[in-house]
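Where a number appears in this text, it was derived from the coordinates with a stated rule and is not lab data. Just so you know, these numbers come straight off a predicted model, no measurement behind them. In this analysis, Cβ positions are derived from the backbone assuming ideal geometry, glycine residues included, and neighbour counts consider all displayed protein chains.
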Amino acid sequence: MPARTAHDWSPDGPDLVVHAENTEYLPSLPDGSFTMVYVDPPFNTGRKQSRQQTKMVRAQAGDGDRIGFKGASYSTVRGTLSSYDDAFEDYWLFLEPRLREAWRLLAEDGTLYLHLDYREVHYAKVMLDAIFGRECFLNEIIWAYDYGARAKNRWPAKHDNILVYVKDPSRYHYDAAAVDREPYMAPGLVTPEKAALGKLPTDVWWHTIVSPTGKEKTGYPTQKPEGVLRRIVAASSRPGDWVLDFFAGSGTTGAVAAALGRRYVCVDANPEAIDVMRRRLAHAEHRAYGSAGIVAAPTTSERPVSSTLRG
Ligand SMILES: C[S@@+](CC[C@H](N)C(=O)[O-])C[C@H]1O[C@@H](n2cnc3c(N)ncnc32)[C@H](O)[C@@H]1O
């Protein structure tokens, strides 16, 4: 069992950027450490993913190591899929233990945001219903954008899906007042005061992708817009709370968390992501974590961990 990661989890502890395969690192973190977990895993490419042994263990002895499946429907869907779709089964096996860890790491008032696309989201919903319980499903957020070529043989797909689950439906933190408001579509139909205030966002968010020429751009191919993360962090954490992103990429979650006064841990296995975060999140403590434990942050050329997955 890995040792509990030495870290100061008080609001004064340093923010962390960790170069690690997330299945190796996450078990070292204490239960319930995070108020918000956002993850934007690689999408299912349809190819078989080469994966490491994904058995997850808990950080503290005596806690047991499984979160019980809650629904028979989950096993049924899983069994049916695996009988004809190897690529999906492989992706499922990749995602599931990591989402179990997300559940373990969430505080009792915590919230998970899982960012996927239309190809995976329905299966992931069944998986998360099983891991969290159906009653813990809060929302499916549609992030709609308008960019790139348009298919001519079907409705062009121009949205991502973000599933939102809470650890405990009676205790989760959600602050609607902290979220940026949107202009009314027909401001003439509401009072000038209401029009000036704007309206609360719904579960459909129109937001541009990261502009290829804008100052937010880091060059990391799958970078998500800070505006989308800002809403998530603002609504589902308080200043001083810890947030986690273990598919961190360019570190958008960390950048937004820092700007909003939250503490963060950003994990990624790809040395290029770590290089980007080294620049973008320069104030954080940078570590690498491998089977040997915490070691000094390596340079790109050392490549102590590798990801064979598309980021
Ligand atoms: C879609 S990108 C995340 C982009 C990020 N949301 C952003 O705004 O830049 C997915 C990331 O997951 C990382 N990744 C994939 N498999 C991983 C693993 N097993 N452990 C840690 N990171 C992994 C990839 O290197 C990639 O950077």
(request) Can you pull the one-decimal nm distance between simple spin-label points at residue 189 and residue 154, each 7 Å off the Cα toward Cβ? (result) 3.2 nm
(request) At 0.36 nm per residue, minus the direct Cα-Cα distance, what do residue 182 and residue 122 gain on full extension? Give it in nm, one decimal, please. (result) 18.8 nm
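For a protection proxy built on the mean count of beta-carbon atoms within 10 angstrom, sort 147-157, 244-254, 101-111, 280-290 highest first, please.
Per-residue Cβ counts within 10 Å, averaged per peptide and sorted highest first, yield 244-254, 101-111, 280-290, 147-157.
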(message) Using the Cα centre of segment 225-276 as the reference point, and only Cβ charges (+1 on K/R, -1 on D/E), how large is the resulting charge dipole? Debye, rounded to the nearest 20.
(response) 360 debye
(request) Could you order peptides 270-277, 134-141 by the average number of other Cβ atoms within 10 Å of their residues, highest first? (result) 270-277, 134-141
(request) Output the peptides 118-130, 171-183, 29-41 sorted from most to least packed, where packing is the average of other Cβ atoms within 10 Å over each peptide's residues. (result) 29-41, 118-130, 171-183
(message) Can you tell me the length gained on complete extension of the stretch residue 170 to residue 140, counting 0.36 nm per residue apart and subtracting the Cα distance?
(response) 8.9 nm
(message) Charges on Cβ only, +1 for Lys and Arg, -1 for Asp and Glu, centred on the Cα centroid of segment 78-204; of 191, 128, 107, which one is farthest towards the dipole's positive end?
(response) 191
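Using 1/(1 + (r/R0)^6) with R0 = 35 angstrom and r between the beta carbons of residue 238 and residue 147, what's the FRET efficiency to the nearest 0.05?
After rounding to 0.05, the efficiency reads 0.60.
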(request) Give the order of 236, 170 when sorted by the count of other beta carbons within 10 angstrom, beginning with the fewest. (result) 170, 236
